[in-house]
1. Given the conditions (1) within 18 Å of ASP75 (Cα to Cα); (2) surrounded by 12 or more Cβ atoms within 10 Å (Cβ to Cβ); (3) of a type outside the set (A, V, I, L, M), which single one is not true for PRO139?
2. Of everything in the stretch 90-126, what is without any contact (Cβ under 8 Å) to a residue 12 or more places away in the chain and among the small types (Gly, Ala, Ser)? Give them in sequence order.
3. For the stretch 142-164, what are the residues that are among the hydrophobic types (A, V, I, L, M, F, W, C), loosely packed, with under 13 Cβ neighbours inside 10 Å and more than 26 Å from ARG73 (Cα to Cα)?
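Nothing in this text is a laboratory measurement; each read-out follows from the coordinates by a stated rule. Just so it is clear, the structure is predicted and the values come from calculations on it, not from any experiment. Cβ atoms come from the backbone with ideal geometry, glycine included; neighbour counts cover every protein chain shown.
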Amino acid sequence: MNTNQKPLPKSDIWEETSEDAYRVYSKAEMDDLRRLKPRQFASTNSWLIVLAQIVITLIIAGTCYIFTGLSNRIDYTYSALVGGLIGFLPSALFLMRLEAAKRSVKSSPGGYLTAVVSGEFIKILATILLFIGFALKQPDLKWIPLLVTYLATLKCYLLAWFWK
């Protein structure tokens, strides 16, 4: 801090913003805001993200099929498809859990939070089990295309920000 500047009194700093910091909007004001700035209030359909994950999986699998040699073509393509499956199947299970909670008769904020937490647990457990299951049952998997496709499906969540 520069010694030539005089610090503001504490009351000046906090008094000006305390009343304007939080404002409760009426329903009519919120409706007006939604009409003026609809893009800020728009939500992304989560199934579009799963669809994008499937499309990315097919693109990477197609690329593996085109650019690998004849002897490894099937292995690389299959591995890419498995990586995509491990990416989008748990996401779809999570969304199905959330939609079941939305349709529940006993819908409450606490119940929905429970659905989010249990859905995330299902998603993590399914991912781990799919990785272990495919590693044990399919020893000829190529891990590079599998992991590249899996990571690409995870990055599809970032696309939601660009869509919005």
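1. (2)
2. The answer is SER104, SER107, SER108, GLY110, GLY111.
3. Once the filter is applied, which keeps residues that are among the hydrophobic types (A, V, I, L, M, F, W, C), loosely packed, with under 13 Cβ neighbours inside 10 Å and more than 26 Å from ARG73 (Cα to Cα), the stretch 142-164 yields LEU158, TRP161, PHE162, TRP163.
For every residue, the table says whether it meets (1) among the charged types (D, E, K, R); (2) within 24 Å of LEU159 (Cα to Cα); (3) under 20 Å from the mean Cα position of the chain (by Cα).
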position: ASP32; (1), (2), (3): yes, no, no
position: ILE60; (1), (2), (3): no, yes, yes
position: TYR76; (1), (2), (3): no, no, no
position: ARG97; (1), (2), (3): yes, yes, yes
position: TYR112; (1), (2), (3): no, no, yes
position: PHE131; (1), (2), (3): no, no, yes
